[in-house]
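The values are calculated or read from the model by the stated rules, or taken from the named source; none is laboratory data. Owing to the predicted nature of the structure, the values given are computational and were not obtained by experimental measurement. We place every Cβ from the backbone using ideal geometry, glycine too, and count neighbours over all the protein chains shown.
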Amino acid sequence: MGDRQQHGFDDATLERYLDGALPAAQERAVTAALDRDPELRRRVDEMLAVRALLKQELDAVAADVDWRAFANQVVAKCEAAPALPWGARLQAWLGEVFAYRKPVWVSSLAVAAAAAAVLLVPRLIDQPPDMRVADNSPDAQVEVQSLETGSTMAMVYQLPKSRTTVIWIPEHADSEEPD
Amino acid sequence: MGETELADRDLVDRAKAGDRPAFTLLVQRYQKRAFAVAYGMLHNRDDALDVVQDAFVKVHKHIGAFQGNASFYTWLYRIVANLCIDVRRRRGRRPEVAFEEAIKPDETAAAGVDVAPHHGEANPVDNLTRRELRREMGKALDGLSENHRLILLLREVEGLSYEDLARVLKISKGTVMSRLFHARKNMQKALRPYLGLKPGAGLSGAPAEADQGEEEERALRSAEAQPEIQ
């Protein structure tokens with residue numbers, strides 16, 4: 001806390017200043033203080049020195065690699081790899097969705113699944129009796145696949161006679177959001 | 001990164017449609033940056049190159065499912081980060097190749113290249129060769145926790161914003177600031193003797209770290225449980 005008392009700005013504030021993450025008024029205040037306070041400048045220099053070192057050194061290592069053939073090698077490896085089955089593609093898509101907007105999409109998909117169920121029930125009831133019996137058979141409503149992404153599990157059902165697919169994703173109480 | 005993002009999205013759309021040159025351009029655009037992060041994490045050139053290659057293979061495999069909710073590069077860095085964590089876990093020990101060994105001997109000629117910015121003071125690295133400094137930086141990085149190392153590399157080397165860091169690492173923005181602050185302080189502390197930094201600078205104004213350990217562990221587990229974007 002000594003730094004704060006002596007110069008008015010703590011290290012966390014100075015780091016955020018260097019990140020450009022301070023509110024405008026506070027940023028102006030730090031800039032003004034830097035102009036008149038050599039000790040504050042020294043502290044900022046230290047912070048910048050470590051940042052610059054890391055970037056310069058790692059950039060230098062990357063620049064030392066011969067990249068000319070790398071992209072073509074990657075593409076060749078990609079094209080040699082087998083294509084994903086549709087289930088894996090869906091799982092990847094769910095992973096992408098949940099990685100960034102889990103709460104919104106979980107809720108939306110749960111609502112969509114519920115809406116699909118509401119719409120489907122009357123249709124099934126309206127079917128002729130033989131159809132309703134058939135709908136209770138194991139192959140009429142097929143759980144195609146269970147998918148897990150993180151802590152979320154999804155079940156995909158296919159209803160062949162109505163040519164409908166239902167994706168059921170139960171909502172989690174412990175879903176987390178980046179911000 | 002606005003313009004880059006737009007161009008990335010265009011390239012991603014074209015790559016989704018099977019446009020090979022578009023995918024090649026994406027690889028060329030990010031290969032060095034992804035490598036820098038991987039090398040910082042692994043300290044081994046070959047391992048880092050393997051990780052970058054595997055990351056792009058995964059990108060290619062899953063690009064059809066990429067919705068563009070996030071920037072392409074945040075997705076890519078998340079894949080790279082997870083692959084690096086896998087490699088380190090598989091190693092289960094310190095890397096075999098020291099940080100500086102990947103550097104060509106003739107690069108020591110670059111000793112004395114300015115590292116620190118100037119505000120009218122002497123360059124603090126004048127008394128060290130670049131090679132020595134690299135070795136110490138490698139040790140300092142290795143001394144950080146996995147989470148601190150990763151966030152530091154993504155911020156200082158790749159320049160990711162707080163928001164992007166939160167997305168890549170699946171943590172809150174507050175945790176980003178806290179973790180970044182402590183990672184930087186640890187790095188400064190480790191490099192202080194080699195950069196002419198003044199001893200005794202503490203963690204003044206350190207953001208609260210009460211929930212840090214628990215949240216970091218949770219984020220790490222969560223990252224590992226996402227093979228589809230690894």
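What pairs come out if I take residues in the stretch B:154-173 that are over 17 Å from A:Ala49 (Cα atoms) and pair them with residues that are among the basic types (Lys, Arg) and part of a helix (DSSP H, G or I) whose C-beta lies under 6 Å away, six or more apart or interchain?
B:Tyr162/B:Lys173; B:Ala166/B:Lys173; B:Val168/B:Arg78
If I go through the stretch B:18-40 residue by residue, how many of them are part of a helix (DSSP H, G or I) and either of a type outside the set (A, V, I, L, M, F, W, C) or in contact with a strand residue (DSSP E or B) (Cβ under 9 Å, 6 or more places away or on another chain) (or both)? Explain how you work it out, then say what you get.
First, the residues of the stretch B:18-40 that are part of a helix (DSSP H, G or I): B:20-40.
Among the residues that remain, those that are also either of a type outside the set (A, V, I, L, M, F, W, C) or in contact with a strand residue (DSSP E or B) (Cβ under 9 Å, 6 or more places away or on another chain) (or both) are: B:20-21, B:24, B:28-33, B:39-40.
Residues that pass the stated criteria total 11.
Suppose the filter is closer than 17 Å to B:Leu83 by Cβ, out of contact with any His (no Cβ under 9 Å at 6 or more places or on another chain) and more than 9 Å from chain A (Cβ to nearest Cβ); does B:Asp10 pass it? Show your work before the answer.
On the way: closer than 17 Å to B:Leu83 by Cβ: no; out of contact with any His (no Cβ under 9 Å at 6 or more places or on another chain): yes; more than 9 Å from chain A (Cβ to nearest Cβ): yes.
Against the criterion (closer than 17 Å to B:Leu83 by Cβ, out of contact with any His (no Cβ under 9 Å at 6 or more places or on another chain) and more than 9 Å from chain A (Cβ to nearest Cβ)), B:Asp10 does not qualify.
May I ask you to say which residue of B:Ala48, B:Ala15 is surrounded by 22 or more Cβ atoms within 10 Å (Cβ to Cβ), at pLDDT 95 or above and in a helix (DSSP H, G or I)?
Values: B:Ala15 fails: at pLDDT 95 or above.
Result of the check over B:Ala48, B:Ala15: B:Ala48.
Residues in the stretch B:42-58: is at least one closer than 21 Å to B:Leu160 by Cα, more than 9 Å from chain A (Cβ to nearest Cβ) and aromatic (Phe, Trp, Tyr)?
No, the stretch B:42-58 contains no residue that is closer than 21 Å to B:Leu160 by Cα, more than 9 Å from chain A (Cβ to nearest Cβ) and aromatic (Phe, Trp, Tyr).
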